[in-house]
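The values are calculated or read from the model by the stated rules, or taken from the named source; none is laboratory data. The structure presented is a predicted model; accordingly, all values stated were derived computationally and were not measured. With ideal geometry, Cβ positions are generated from the backbone for all residues, glycine too; neighbour counts draw on all protein chains shown.
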Amino acid sequence: MENSAARNGGELMAEVDLQTRTGSLDLHLASTRETVENAMATIPGIIGARLVPGYERPIDELHVLASLDKQPKQAVRDVQTLLLARYGITIDHRVVSVVQLDELPRAVGNHVDRLVLERVSTSVSTDGLSVEVFLRLGERELTGAGEGAPSGSGRHRAPAEATLDAVASLLGDRVSLVLQGVDIVETLGHRLAITLIHMRAGRYEATLTGCAIVREVDVDAIVRSVLDALNRTIDDTERS
């Protein structure tokens with residue numbers, strides 16, 4: 001009979017790209033650590049990971065942030081499987097610590113409502129673009145403001161910053177969201193707004209991504225791309 005460890009490993013490899021890489025890895029290089037940490041974050045139920053490289057062994061400490069539906073023991077087995085299959089790295093389960101999102105501030109309480117865009121107000125001046133965003137979360141109304149320089153980059157950042165400002169009151173002091181970048185790209189016959197957001201929750205960090213099709217104006221699509229990233233994260237915090 002197939003044992004549970006083999007079955008779980010097979011399920012993981014079916015969901016995560018485990019393309020093997022050859023050659024030794026220097027985990028003391030920041031770029032290499034980031035690559036490996038990002039790979040672990042592709043595992044279903046793993047929000048983010050941070051590793052501390054060792055000298056007598058590849059990894060001295062591995063800190064994993066998991067969603068509520070990911071059992072800690074399963075999270076440990078999954079990161080062990082990925083590290084071995086993709087990078088040839090073997091680690092002892094005792095170097096892995098797992099924190100689930102229920103140990104962090106809950107973003108939106110005990111409900112499953114999603115952030116919805118109500119409307120966006122913009123004002124253009126010689127100084128740049130001012131944006132006010134109005135959101136709804138269940139019965140709760142949220143408002144945020146953002147400003148950007150007259151340049152294309154500034155015009156893209158203003159609505160994204162306004163959206164983050166609107167949800168700031170939901171997050172507690174230990175959770176922060178910082179806009180990394182916004183871009184409008186053309187692919188497959190569509191214009192898309194793509195947003196990257198850096199999330200920090202205590203000692204744990206992750207990069208959130210969101211995307212939305214530009215239907216009419218860039219501003220609305222940028223707000224919806226931010227909500228795309230945030231709603232997935234809020235959904236993770238609401239599982240029980």
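Worth pointing out:
- Taking the criterion of being farther than 18 Å from Thr42 by Cα and in a strand (DSSP E or B), the residues of the range 196-220 that qualify are Ala201, Ala212, Ile213.
- Exclusive hit being within 17 Å of the chain's Cα centre (by Cα), modelled with pLDDT of 90 or more and outside any helix (DSSP H, G or I), set Val182, Val223, Val133: Val182
- Search result, residues across the range 191-229 that are aliphatic (A, V, I, L, M) and either without any contact (Cβ under 8 Å) to a residue 12 or more places away in the chain or surrounded by fewer than 19 Cβ atoms within 10 Å (Cβ to Cβ) (or both): Leu192, Leu196, Ile213, Val217
- Test: residue in the range 116-130 that is among the small types (Gly, Ala, Ser), at pLDDT below 90 and in a loop (DSSP other than H, G, I, E, B): no
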